[in-house]
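Visitor: Submitted below is the structure of interest, expressed as structure tokens.
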Ligand SMILES: [Zn+2]
């Protein structure tokens, strides 16, 4: 069914952080081990690096990935979370509730804020940063994380027009949030595709419909037709659920995406990934047998695994065995 069979690995930035030195040999060794475990794509945070040395590290790392005939993916948040302390300009672009409180995700209390899709954050901050990165780094794709508005919606000044216009047409707040997010994403995808038509753009489509998250505008219906790759996300092992839950998430995602017309310039045949962690909440890797069942369920659902952990050598061995078993079972 699939031309390629392998997983994407999301690098934990703590091990090979581009802001601090690491030896190229050590990186090569690690990426080679990932390839030998079954990885075909490596995703990492390589944006907004100020120093020449840091940029050189990204360049060198992508060279290593390409020399091993793998793809390099740039991970980036689309609307958040940004530290807006001491930045008057950014403060005008943040998501706010009805009482003008700054909305944040994950890092509350540390100045981190979600950026508003209706503001010019995309044009003034995200696109210049990404375009700058793409000038020195030969990425093959971009992954957009957290493409949503916080619970309840954004009521900042930037959203005034989209809110009033759609309210007068009888739309409810959830619909307005979805339109708001969609318009921001269309501006982003349109701008990137214009200059880099072959760059694959993937999106965090969350775990659609089965487990409704409390954020607005990221539901798969709202993302359909716009991206080359969709990433659903759920780890049933953490919830003591049957692994078949992930298959349901993937099937639903595929169904909706394939029903929807694509916009101009975006590849017609979307690819599907399912993101999962391979460790339990205290960071211990699950046994190969459990992971093998999970990987098989992902493949069988029609997606490829996107594994969100940087593994030590021991972990890599477990992944390798689990992946090998899943692929063998899938190919039978
Ligand atoms: Zn807003």
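The values are calculated or read from the model by the stated rules, or taken from the named source; none is laboratory data. Bear in mind the structure is a predicted one, so any value in this text is a computation, not a measurement. Every residue, glycine as well, gets a Cβ built from its backbone with ideal geometry; the counts of neighbours run over all protein chains shown.
Visitor: Being under 27 Å from residue 126 (Cα atoms) and in contact (Cβ under 8 Å) with a residue 60 or more places away in the chain is true for just one of 47, 53. Which residue is that? Don't jump to the end; show me each part of the working.
Guide: Details: 53 fails: in contact (Cβ under 8 Å) with a residue 60 or more places away in the chain.
Sole residue among the options that is under 27 Å from residue 126 (Cα atoms) and in contact (Cβ under 8 Å) with a residue 60 or more places away in the chain: 47.
Visitor: Follow-up question, since we're still on this one. Within the stretch 132-151, how many residues turn out to be within 14 Å of the ligand (Cβ to nearest atom) and part of a helix (DSSP H, G or I)?
Guide: 0
Visitor: Would a scan of the stretch 306-313 turn up a residue that is surrounded by fewer than 18 Cβ atoms within 10 Å (Cβ to Cβ) and in contact with a strand residue (DSSP E or B) (Cβ under 6 Å, 6 or more places away or on another chain)?
Guide: Let us first name the residues in the stretch 306-313 that are surrounded by fewer than 18 Cβ atoms within 10 Å (Cβ to Cβ), namely 309, 312-313.
Applying the additional criterion that residues be in contact with a strand residue (DSSP E or B) (Cβ under 6 Å, 6 or more places away or on another chain) yields 309.
Looking for residues that are surrounded by fewer than 18 Cβ atoms within 10 Å (Cβ to Cβ) and in contact with a strand residue (DSSP E or B) (Cβ under 6 Å, 6 or more places away or on another chain), one finds at least one in the stretch 306-313, hence yes.
Visitor: Within the stretch 152-179, can you find the residues that are part of a loop (DSSP other than H, G, I, E, B) and either touching a strand residue (DSSP E or B) at 6+ places or on another chain (Cβ under 6 Å) or within 14 Å of the ligand (Cβ to nearest atom) (or both)? Walk me through it before giving the result.
Guide: First, pick out the residues of the stretch 152-179 that are part of a loop (DSSP other than H, G, I, E, B): 152-156, 169-172.
Those that are part of a loop (DSSP other than H, G, I, E, B) and either touching a strand residue (DSSP E or B) at 6+ places or on another chain (Cβ under 6 Å) or within 14 Å of the ligand (Cβ to nearest atom) (or both): 152, 153, 154, 155, 156.
Visitor: For the stretch 63-72, what are the residues that are in a helix (DSSP H, G or I) and surrounded by fewer than 17 Cβ atoms within 10 Å (Cβ to Cβ)?
Guide: Initially, the stretch 63-72 is screened for residues in a helix (DSSP H, G or I), giving 63-67.
If the condition is that a residue be in a helix (DSSP H, G or I) and surrounded by fewer than 17 Cβ atoms within 10 Å (Cβ to Cβ), then 63, 66, 67 are the ones that fit.
Visitor: Turning to a different aspect of this structure: Residues to consider are 28, 43; find the one that is within 30 Å of residue 317 (Cβ to Cβ), away from the ligand (no atom under 16 Å from the Cβ) and surrounded by fewer than 21 Cβ atoms within 10 Å (Cβ to Cβ).
Guide: Working: 43 fails: surrounded by fewer than 21 Cβ atoms within 10 Å (Cβ to Cβ).
Of the residues listed, the single one that is within 30 Å of residue 317 (Cβ to Cβ), away from the ligand (no atom under 16 Å from the Cβ) and surrounded by fewer than 21 Cβ atoms within 10 Å (Cβ to Cβ) is 28.
Visitor: Turning to a different aspect of this structure: With respect to the numbered conditions (1) more than 17 Å from the chain's Cα centre (by Cα); (2) on the phi > 0 side of the Ramachandran plot; (3) crowded, with 22+ Cβ neighbours inside 10 Å, which one is the sole condition not fulfilled by residue 217?
Guide: Among (1) more than 17 Å from the chain's Cα centre (by Cα); (2) on the phi > 0 side of the Ramachandran plot; (3) crowded, with 22+ Cβ neighbours inside 10 Å, the lone unmet condition for residue 217 is (1).
Visitor: Continuing with this model, one more query. In the stretch 69-107, which residues are under 20 Å from residue 45 (Cβ atoms) and touching a helix residue (DSSP H, G or I) at 6+ places or on another chain (Cβ under 8 Å)?
Guide: Scanning the stretch 69-107 gives 70, 71, 72, 74, 76, 78, 79, 82, 84, 90.
Visitor: Just one of the numbered conditions (1) crowded, with 17+ Cβ neighbours inside 10 Å; (2) over 18 Å from the mean Cα position of the chain (by Cα); (3) within 16 Å of the ligand (Cβ to nearest atom) is not true of residue 79; which one?
Guide: With respect to (1) crowded, with 17+ Cβ neighbours inside 10 Å; (2) over 18 Å from the mean Cα position of the chain (by Cα); (3) within 16 Å of the ligand (Cβ to nearest atom), residue 79 is out only on (2).
Visitor: Residues of the stretch 307-332 being touching a helix residue (DSSP H, G or I) at 6+ places or on another chain (Cβ under 9 Å) and not in a helix (DSSP H, G or I), which ones?
Guide: 307, 309, 310, 311 - these are the residues of the stretch 307-332 that are touching a helix residue (DSSP H, G or I) at 6+ places or on another chain (Cβ under 9 Å) and not in a helix (DSSP H, G or I).
Visitor: Kindly establish whether residue 159 is within 21 Å of residue 205 (Cβ to Cβ) and buried (at least 17 other Cβ atoms within 10 Å of the Cβ).
Guide: On the way: within 21 Å of residue 205 (Cβ to Cβ): no; buried (at least 17 other Cβ atoms within 10 Å of the Cβ): yes.
When the stated conditions are applied, residue 159 does not pass them.
Visitor: Condition first: in a strand (DSSP E or B), surrounded by 15 or more Cβ atoms within 10 Å (Cβ to Cβ) and without any contact (Cβ under 8 Å) to a residue 24 or more places away in the chain. Can you find one or more residues in the stretch 88-110 that meet it? Spell out how you get there, then give the answer.
Guide: Pass one, the stretch 88-110, residues in a strand (DSSP E or B): 94, 96, 102.
Those left that are additionally surrounded by 15 or more Cβ atoms within 10 Å (Cβ to Cβ): 94, 96, 102.
Within this subset, residues satisfying the condition of being without any contact (Cβ under 8 Å) to a residue 24 or more places away in the chain are 102.
Yes, the stretch 88-110 has at least one match.
Visitor: Are any residues in the stretch 21-42 in a loop (DSSP other than H, G, I, E, B) and over 16 Å from residue 69 (Cβ atoms), and if so, which ones?
Guide: Residues satisfying the conditions are 21, 22, 23.
To keep it simple, each residue is scored yes or no on (1) in a loop (DSSP other than H, G, I, E, B); (2) crowded, with 20+ Cβ neighbours inside 10 Å; (3) within 16 Å of the ligand (Cβ to nearest atom).
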| residue | (1), (2), (3) |
| --- | --- |
| 56 | no, no, no |
| 61 | no, yes, no |
| 74 | no, yes, no |
| 85 | yes, no, no |
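Visitor: Quick check on the stretch 115-131. Is at least one of its residues closer than 30 Å to residue 6 by Cα, assigned to a loop (DSSP other than H, G, I, E, B) and away from the ligand (no atom under 15 Å from the Cβ)?
Guide: The answer is no, given that none of the residues of the stretch 115-131 is closer than 30 Å to residue 6 by Cα, assigned to a loop (DSSP other than H, G, I, E, B) and away from the ligand (no atom under 15 Å from the Cβ).
Visitor: In this structure, does residue 201 turn out to be under 30 Å from residue 10 (Cα atoms) and either more than 12 Å from the ligand (Cβ to nearest atom) or surrounded by fewer than 22 Cβ atoms within 10 Å (Cβ to Cβ) (or both)? Spell out the reasoning first.
Guide: Working: under 30 Å from residue 10 (Cα atoms): yes; either more than 12 Å from the ligand (Cβ to nearest atom) or surrounded by fewer than 22 Cβ atoms within 10 Å (Cβ to Cβ) (or both): yes.
The answer is yes for residue 201.
Visitor: Among (1) at pLDDT below 90; (2) farther than 20 Å from residue 141 by Cα; (3) in contact with a helix residue (DSSP H, G or I) (Cβ under 9 Å, 6 or more places away or on another chain), there is one condition residue 37 misses while meeting the rest; what is its number?
Guide: So the condition that residue 37 fails would be (1).
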